[in-house]
1. Suppose the chain between Q7 and D213 were pulled fully straight at 0.36 nm per residue; how much longer would it get relative to their current alpha carbon spacing?
2. Between region 231-271 and region 33-111, how far is it from one alpha carbon centroid to the other, in angstrom?
3. Compute the distance in nm between two label points, each set 7 Å from the Cα along the Cα-to-Cβ direction, one at K321 and one at H340.
4. Given Cβ point charges of +1 (Lys, Arg) and -1 (Asp, Glu) and nothing else, what value in debye, to the nearest 20, does the dipole of the chain about its Cα centre take?
5. Over the chain, with the other protein chains present, what is the accessible area per residue in square angstrom, probe 1.4 angstrom?
6. Of the candidates H159, H189, H340, which one comes out as most mobile in a Gaussian network treatment of the chain with C-alpha springs shorter than 10 Å?
7. Looking only at E172, E45, E75, which one moves most when the chain is put into a Gaussian network model with springs between Cα atoms under 10 Å?
8. Of L219, S288, L54, which is farthest on the positive side of the dipole of the chain, counting Cα position, with +1 on Lys and Arg Cβ, -1 on Asp and Glu Cβ, and the Cα centre as origin?
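The values are calculated or read from the model by the stated rules, or taken from the named source; none is laboratory data. Just so it is clear, the model here is predicted, and its values are computed rather than measured. With ideal geometry, Cβ positions are generated from the backbone for all residues, glycine too; neighbour counts draw on all protein chains shown. We work out accessible area using only protein heavy atoms, side chains counted, and drop any ligands, DNA or RNA first. Shrake-Rupley method; radii C 1.70, N 1.55, O 1.52, S 1.80 Å.
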Amino acid sequence: MGKRTVQIKGHSYDVHIDRNVYDLFSSDYYSLITNADHVGIIADEHVASLHLALLKEALNSCGVQPVIKLVPAGEQCKTLSVYGECHSFFLKEGFTRNSILIAFGGGAVGDLTGFVAATFMRGIRFIQCPTTILSHDSAVGGKTAINMPEGKNMVGSFHQPSAVLFETALFETLPPREVRSGMTELIKHAFISDAAWSEELLSNDRFSSPSIDWLSSELLKGIQVKADIVAEDEYEYGKRKFLNFGHTFGHAVEAVCGFGGLSHGESVMIGMAYSLLLSENFSEINSSITNRFIRFSLSNGYSFAPVRSFKFEDFLQYMKKDKKASFGQLNFVLLKNFGHPFVQAVTEEECENAFYELQKRVEMEE
């Protein structure tokens with residue numbers, strides 16, 4: 001069984017990746033579940049139709065009858081209305097500060113559940129049971145949030161889970177688009193931590209259609225990268241900002257396309273190409289590296305259509321609301337070279353020039 005431990009000040013928890021991982025409810029996490037007065041599951045309605053029986057069976061074997069709250073699939077669950085519905089639902093079900101929640105779905109459900117847990121009666125425990133590759137990033141580290149019309153993840157908190165359980169058998173049912181979305185965060189972890197690993201992924205001709213065994217091993221590497229960073233900087237005052245490589249423009253892409261119009265991973269892939277292009281102005285990254293990444297993205301089925309379909313100003317309004325922005329200044333995570341990220345202030349003019357240059361580069365490589 002693959003396991004990594006996230007160790008932060010005053011709290012630690014384990015991340016497990018394996019088949020039959022829910023058996024741990026009958027062993028390692030038996031007391032955590034059975035000592036709670038209520039166990040609630042917030043589940044993506046689509047994922048629930050496919051796999052919820054597996055999780056319920058594991059809990060039932062512990063003598064636990066969970067209360068289920070179904071929510072819309074994907075980013076549509078991360079709204080103020082759904083967030084409020086969850087609170088009302090669990091209050092009516094008699095949940096208390098001794099209750100526990102389980103997130104069952106992709107990263108969006110994990111974000112929602114974590115924020116509900118963080119704020120329900122000022123904070124209760126929760127467990128992440130992610131069902132997508134993408135959520136190997138979002139399920140670890142304690143960031144929780146919902147979206148606002150003005151931008152992605154604008155309302156949230158830091159609230160660490162009690163455990164993270166990845167059932168790898170569920171990955172076999174993911175559609176190609178979800179696989180691509182998840183692999184984006186994997187290569188992001190490589191880019192900000194390890195040049196050799198970055199090269200391995202860029203050279204992998206099965207990057208967007210990996211085997212489960214290979215993927216499990218790679219996800220553990222990505223989780224270790226994040227665990228090490230979170231241990232050093234839980235609240236994103238410094239090094240943790242590096243995990244946002246590709247996200248400033250990527251989140252703007254998500255917002256411009258309408259949350260859910262383009263997946264988080266697909267949007268961040270565009271954002272990483274944009275950040276590499278910006279990096280050319282401040283580091284050793286050159287056009288051949290950026291162009292190679294664009295070719296790599298296109299060959300693996302990623303789309304750059306939003307860059308052609310919308311104006312720069314459409315993206316700029318959301319980038320200005322990015323949480324790394326301060327005093328009207330745009331701050332981007334860039335790369336000196338693979339494995340060496342840094343934060344750089346970038347002018348609106350530099351951002352605009354990079355946008356139009358990205359349009360040209362994409363057209364050149366297509």
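1. That pair, Q7 and D213, stretches by 71.6 nm at full extension.
2. 25
3. Spacing of the two 7 Å Cα→Cβ label points: 3.6 nm.
4. 660
5. 40
6. It is H340.
7. E172
8. Looking along the dipole axis, the top candidate is L54.
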